[in-house]
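Asks: The structure follows.
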Amino acid sequence: MRRRLLRSRCWGNPDTFTLKFYHGGKFTMPPGRKYVKGWVSYVDMVDRDVFSMHEVNDMIGYFGYLAKDMLFINFRVPNLDLDHGLRALGNDHDVLDLFSYVAEHKTIEVYVEQGYRSLDTYEKSPFEKPKIVIEEINDIGTSNPTKSSQICRKPLAIQWLNEELNDGLYEGLNEGFNDNEASELDVDEESTHENEDDSDDGLEESDDEDFFLNEEDKIVDYEVDMEEFRAAVDVNIEDNNSLSDGDLLDFDLDLDDYDSLSEDDEPPLKKAVRKHRRQRRKGKDKVAEQFYVGHQFFNKAEIRVLVKKFATDSRRQLKIIKNDNKRFRVVCNGIKPVLESDAHLSNGKSNASGSQKQVDESNKKCTKPRKKNLMPTCPFKLHITNHNKLSCWVVKTFMKYHSCLQTRDVNLCTVSFLAREIEDIVSVNPSISIVALRELINKKYQINVSTMKVFRAKTMATHKIEGDYRVQYEILRDYCDEVLRSNPGSTVKLDVETEPSPTKSTRQFRRIYICLGALKAGFKLCGRCILGLDGCFMKGPYPGQILSAVGLDSNNGIYPVAYALVEAETQVSWTWFLEILGNDLDLYSNTNFTFISDRQKGLLPALEKVFPGAEHRFCLRHIMENMKPRCRGDLFKILVWNCAAATTVTHFKRAMKEVEKEDQGLLEWLRNIQPNHWTRSHFSCVARSDVLLNNLCEAFNKQLVGGRDKPIITCLEFIREYLMRRIVTVHKIIADSEGPLTPKIQKLFEVIKTDASQYTTQFNGKMIWNMEQHGQDEGIPENWVSDVYWLSTWKKVYDHTVEPITGMDFWTPSQCPTTIDPPKHHKPIGRPKKQRKKSNEELAEVGKDGKMSRRGNTVTCDLCKNKGHNKRSCKGQGGTNASTSKTATKASTSKTVTKESISKTATMAATTMAAATKAVATKAVATKAAKVATVASASQPTAGAKKRKRNVIASQPATCKKVP
């Protein structure tokens with residue numbers, strides 16, 4: 001609204017105009033030149049009398065560019081396109097050229113290039129030799145002449161003039177506006193980003209990367225940004241989405257502190273008003289404006305919130321001493337500063353109190369005042385009463401001045417207050433860390449808060465934004481009705497536990513199934529009769545699993561069809577899911593539809609029961625996982641993959657013979673699995689797909705990680721919004737696609753044509769059918785490709801879009817008389833697990849310290865020659881080598897005893913030698929003792945022999961001599 005007012009004033013004033021800056025982007029190549037990937041900023045009320053290149057540089061500086069940036073500026077001549085209408089804007093002569101178009105066109109477009117110049121407008125400028133030369137001042141005091149055609153925002157010799165021109169440039173903004181309009185300058189920025197598609201044709205690197213051996217086995221997934229997912233499930237939460245590329249950014253600049261160059265020419269009244277605004281702004285106390293005498297409140301909860309905010313903003317130790325139905329009183333218990341003169345008086349009072357304490361001690365009474373009876377020393381006081389006549393709360397007393405010191409430990413800065421303050425931050429960035437939140441709070445309020453308090457505040461804010469886990473089950477029926485209303489043709493099934501008492505008003509939740517109408521209609525147009533089935537765990541406080549059915553589109557990309565939240569992945573839950581899915585897709589019990597799964601225990605019998613005639617494929621990756629305990633290594637993985645990738649029965653038998661040469665046991669294990677479940681040579685052609693891996697569901701489950709720990713409605717909304725955004729992403733890819741086939745299929749078809757060009761043909765003299773003679777056009781090779789893979793089919797599939805739903809305030813209450821309770825759940829001990837549990841095979845593949853893990857390798861014992869243990873843990877177990885093992889064990893035991901006896905004897909001899917040395921024994925005795933020790937260490941003496949040797953050594957005569 002203000003921009004319209006400013007532009008209307010520009011049209012009324014012949015000396016003012018508007019500059020529309022395009023910056024941060026680049027030009028495309030002509031013809032049809034465009035300026036893409038940039039921002040748009042407006043500067044209104046530009047006065048041509050004070051406008052020059054210095055003002056252009058200052059304007060660009062407000063947009064965030066630095067003085068060291070090399071910028072090239074051009075303006076567009078009105079009524080001309082970017083191919084022929086661009087002119088250089090590098091000196092004041094170019095500015096005069098710009099002025100020639102201002103009289104008829106009040107908005108001039110200016111384009112900025114950063115770092116490089118793609119245009120030759122500077123060379124074609126009619127003013128090649130500008131007369132203005134600016135001397136740039138270097139650090140050493142010398143000056144270098146610089147042409148004004150280059151942007152210069154370094155210290156200049158005319159810097160004082162630049163500042164005056166800068167103030168005079170925006171002087172006209174303050175004429176005729178009120179306080180708010182005069183103190184702000186609109187520099188609005190809009191995003192002109194043309195979001196190009198940067199989605200990947202393939203999946204990111206995952207655990208299944210080893211199994212993508214062929215290009216046709218890859219499943220395409222499109223990158224969908226779910227970082228900005230916001231669940232509108234709370235009544236009291238406003239929409240606080242972050243600014244996107246297309247949002248406007250307002251830069252408000254306070255210009256009252258700048259003295260205009262022509263301030264002396266202003267009327268006296270305008271000078272007085274400017275001075276009054278400046279003084280009032282400096283003396284304004286924003287904290288104290290929250291309360292004033294006579295201020296009315298409709299409820300006491302609002303008062304408590306304002307008091308907490310008042311205490312936090314002012315950093316005062318406020319305390320609520322009265323809080324009942326009639327009175328609300330707040331005082332300040334802050335620490336009052338003690339000066340030197342006051343300290344002397346306080347010492348006198350303490351002496352007097354000390355003597356009183358002695359008198360009281362003689363009377364055996366203590367007159368020490370209690371803490372709750374201490375009177376506050378700060379004069380601050382706030383008294384609010386409940387006015388009966390007005391039916392509201394009225395401020396009766398408010399003394400806002402403090403005589404105490406500010407503090408960084410505010411007691412009224414509670415968890416609930418912090419939760420309200422950080423609610424907007426958490427809604428914009430739900431994954432923000434506790435440390436970052438604490439630093440933001442410390443910087444904003446300059447107070448100290450503990451990490452645990454911030455953690456509890458974030459948890460409270462998250463529950464308020466995303467909704468409570470238990471409460472969302474109560475409004476689950478309302479959500480189901482809203483989905484059915486907003487998306488016609490959808491199917492929503494809600495199943496609850498059986499209740500023996502029909503009069504009970506609550507029912508316990510069991511399952512919910514959702515199939516959106518757009519996805520149902522789109523899948524029927526795909527023409528590929530294959531669905532992947534899989535499940536993933538919920539991570540919240542209530543148990544459950546998300547079952548999903550995912551198909552393939554024309555570009556070999558995933559196409560989710562239906563999803564359900566069930567109690568567990570059992571035969572009963574899978575049967576319930578498949579029966580409803582069959583009704584939605586018109587699948588009968590004798591259908592030859594194709595399903596691919598991970599061979600879950602409950603899914604196999606459920607498929608046999610619901611669709612006994614359907615083709616059921618097994619994921620090859622999970623087959624190899626089950627094979628790893630038997631056969632490990634890449635060799636066996638390649639052998640099994642060659643068997644599965646064989647397209648004919650002959651090639652399949654040949655690959656199985658290769659397996660037989662390497663491992664007969666593996667061959668027998670593979671023969672227990674029917675070939676029609678895992679090899680292409682036995683697949684039917686009804687599905688029009690030969691995928692071997694269940695990456696359809698794996699890619700879909702990966703996108704649900706951000707919503708699996710949310711409450712039930714928030715989780716379901718996360719899935720629905722992902723499906724809606726994914727269709728929009730595919731629309732962008734379709735718009736950029738060319739050719740009769742889809743992008744992925746076109747690449748595969750080019751490989752097929754390249755391989756086919758290597759073949760040679762020979763005519764055998766007989767023609768089956770001559771199309772040319774019968775007036776038929778041979779056409780292009782793509783005409784022989786099935787319609788399933790054509791771009792036109794892909795467009796028809798994604799013409800069906802998922803519709804958004806309204807906020808919770810607009811949901812129609814359900815007419816069902818019963819409410820839903822959450823499922824029963826026993827909370828386990830410890831921190832809840834968030835990551836997937838890896839199998840032993842996956843853990844074995846991860847080495848430590850850069851070394852390959854030896855986990856899973858077979859160990860052979862050196863003693864008994866049996867496998868499964870080493871010689872340290874050998875106890876003679878297993879096989880025909882048991883007797884040999886026992887003998888070896890006895891021999892090992894005797895060797896151990898001999899070593900121990902020899903070691904004890906040698907120790908005793910060494911002790912005797914040490915004693916003889918201390919007594920200064922003779923050399924002969926010492927030599928004899930050493931010989932005895934040597935003989936003892938080389939023999940295997942018994943206990944009696946040890947005793948006799950000790951007696952012999954002790955009975956030897958010892959002679960003493962003087963030691964020098």
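The values are calculated or read from the model by the stated rules, or taken from the named source; none is laboratory data. Keep in mind it's a predicted model, so treat the numbers as computed, not measured. Here Cβ is always computed from backbone atoms with ideal geometry, including for glycine, and neighbour counts include all displayed protein chains. Just so you know, the surface numbers come from the protein's heavy atoms only, side chains and all, with ligands and any DNA or RNA stripped out. Shrake-Rupley method; radii C 1.70, N 1.55, O 1.52, S 1.80 Å.
Asks: When residues of the stretch 84-116 are filtered for being open to solvent by 60 Å² or more (accessible area, probe 1.4 Å), of a type in the set (A, V, I, L, M) and assigned to a loop (DSSP other than H, G, I, E, B), how many remain?
Replies: The qualifying residues number 1.
Asks: Quickly run through the stretch 676-705 and pick out the residues that are under 28 Å from the mean Cα position of the chain (by Cα), surrounded by fewer than 16 Cβ atoms within 10 Å (Cβ to Cβ) and touching a residue at least 12 places away in the same chain (Cβ under 8 Å).
Replies: LYS702
Asks: Among the residues of the stretch 73-83, which ones are open to solvent by 10 Å² or more (accessible area, probe 1.4 Å) and within 43 Å of the chain's Cα centre (by Cα)?
Replies: Correct list: ARG76, ASP81, LEU82, ASP83.
Asks: A further question follows. Let me spell it out: the conditions are (1) more than 33 Å from the chain's Cα centre (by Cα); (2) open to solvent by 40 Å² or more (accessible area, probe 1.4 Å); (3) over 27 Å from PRO337 (Cβ atoms), and MET399 meets all of them except one. Which number is the exception?
Replies: (3)
Asks: Follow-up. Just to check your reading of the model, which residue among GLY775, GLY765, GLY779 is within 29 Å of ASP553 (Cα to Cα), modelled with pLDDT under 85, assigned to a loop (DSSP other than H, G, I, E, B) and open to solvent by less than 90 Å² (accessible area, probe 1.4 Å)?
Replies: It is GLY779.
Asks: Residue check, LEU519 against (1) open to solvent by 10 Å² or more (accessible area, probe 1.4 Å); (2) in a helix (DSSP H, G or I); (3) modelled with pLDDT of 95 or more; (4) of a type outside the set (Val, Ile, Thr), all met but one. Which one?
Replies: The number of the failed condition is (1).
Condition check ((1) open to solvent by less than 90 Å² (accessible area, probe 1.4 Å); (2) modelled with pLDDT under 90; (3) of a type in the set (A, V, I, L, M)) across all residues:
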residue	(1), (2), (3)
MET375	no, yes, yes
PHE380	yes, no, no
HIS383	yes, no, no
LYS389	no, yes, no
THR407	yes, no, no
LEU440	yes, no, yes
ALA457	yes, no, yes
VAL483	yes, no, yes
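Asks: Answer yes if at least one residue in the stretch 719-740 is touching a strand residue (DSSP E or B) at 6+ places or on another chain (Cβ under 8 Å), more than 27 Å from TYR563 (Cα to Cα) and touching a residue at least 40 places away in the same chain (Cβ under 8 Å), and no otherwise.
Replies: Yes, because at least one residue in the stretch 719-740 is touching a strand residue (DSSP E or B) at 6+ places or on another chain (Cβ under 8 Å), more than 27 Å from TYR563 (Cα to Cα) and touching a residue at least 40 places away in the same chain (Cβ under 8 Å).
Asks: So, one more: Looking at VAL454, VAL483, can you tell me which residue is touching a residue at least 12 places away in the same chain (Cβ under 8 Å), of a type in the set (Val, Ile, Thr), part of a helix (DSSP H, G or I) and touching a Leu at 6+ places or on another chain (Cβ under 7 Å)?
Replies: VAL454
Asks: Can you tell me which residues in the stretch 716-748 are within 28 Å of TRP784 (Cα to Cα) and among the charged types (D, E, K, R)?
Replies: Within the stretch 716-748, LYS732, ASP736, GLU738, LYS744, LYS747 meet the criteria.
Asks: A further question follows. Confirm whether ARG408 is among the charged types (D, E, K, R) and in a helix (DSSP H, G or I).
Replies: no
Asks: May I pose another question? Do the conditions hold for LYS795, that is, is it in contact with a strand residue (DSSP E or B) (Cβ under 8 Å, 6 or more places away or on another chain), assigned to a helix (DSSP H, G or I), farther than 30 Å from THR503 by Cα and of a type outside the set (Val, Ile, Thr)?
Replies: Judged against the criteria, LYS795 is not a match.
Asks: Okay, moving on. Could you check how many residues of the stretch 537-566 are under 23 Å from the mean Cα position of the chain (by Cα), over 27 Å from GLY467 (Cβ atoms) and open to solvent by 10 Å² or more (accessible area, probe 1.4 Å)?
Replies: Residues flagged as under 23 Å from the mean Cα position of the chain (by Cα), over 27 Å from GLY467 (Cβ atoms) and open to solvent by 10 Å² or more (accessible area, probe 1.4 Å) within the stretch 537-566 amount to 0.
Asks: Charged (D, E, K, R), part of a helix (DSSP H, G or I) and closer than 30 Å to PHE718 by Cα: does that describe LYS444?
Replies: no
Asks: A further question on this structure: Could you please tell me which pairs satisfy a Cβ distance under 8 Å, a separation of 6+ or placement on different chains, a first residue in the stretch 805-827 that is within 18 Å of ARG470 (Cα to Cα), and a second residue that is among the small types (Gly, Ala, Ser)?
Replies: MET808/ALA232; THR818/SER505; THR819/SER505; PRO823/GLY544
Asks: In addition: Just checking, which of CYS413, CYS366 is modelled with pLDDT of 90 or more and either surrounded by 15 or more Cβ atoms within 10 Å (Cβ to Cβ) or not basic (Lys, Arg) (or both)?
Replies: Exactly one residue qualifies, and that residue is CYS413.
Asks: Oh, and also: Assuming LYS744 fulfils every condition listed in (1) over 30 Å from ASP481 (Cα atoms); (2) assigned to a loop (DSSP other than H, G, I, E, B) apart from one, which condition is it?
Replies: Against the list (1) over 30 Å from ASP481 (Cα atoms); (2) assigned to a loop (DSSP other than H, G, I, E, B), LYS744 comes up short only on (2).
Asks: Continuing with this model, one more query. Does any residue of the stretch 786-805 turn out to be open to solvent by 70 Å² or more (accessible area, probe 1.4 Å) and at pLDDT below 90?
Replies: No: the stretch 786-805 contains no residue that is open to solvent by 70 Å² or more (accessible area, probe 1.4 Å) and at pLDDT below 90.
Asks: Of the conditions (1) out of contact with any Lys or Arg (no Cβ under 9 Å at 6 or more places or on another chain); (2) surrounded by fewer than 20 Cβ atoms within 10 Å (Cβ to Cβ), ASP586 fails just one. Which one is it?
Replies: (1)
Asks: Can you find, within the stretch 630-674, the residue that is least open to solvent (accessible area, probe 1.4 Å) among those that are among the polar types (S, T, N, Q) and not in a helix (DSSP H, G or I)?
Replies: Per the criteria, the residue is THR648.
Asks: State which residue pairs qualify: first residue open to solvent by less than 50 Å² (accessible area, probe 1.4 Å) and modelled with pLDDT of 90 or more and inside the stretch 465-478, second residue aromatic (Phe, Trp, Tyr) and not in a helix (DSSP H, G or I) in any location, beta carbons under 8 Å apart, and separation of 6 or more residues or different chains.
Replies: Close Cβ pairs (under 8 Å, with a partner that is aromatic (Phe, Trp, Tyr) and not in a helix (DSSP H, G or I)) amount to TYR473/PHE509; ILE475/TRP811; LEU476/PHE509; ASP478/TRP811.
Asks: Taking the stretch 293-311, which residues are open to solvent by 80 Å² or more (accessible area, probe 1.4 Å) and either of a type in the set (Lys, Arg) or at pLDDT below 85 (or both)?
Replies: ARG304
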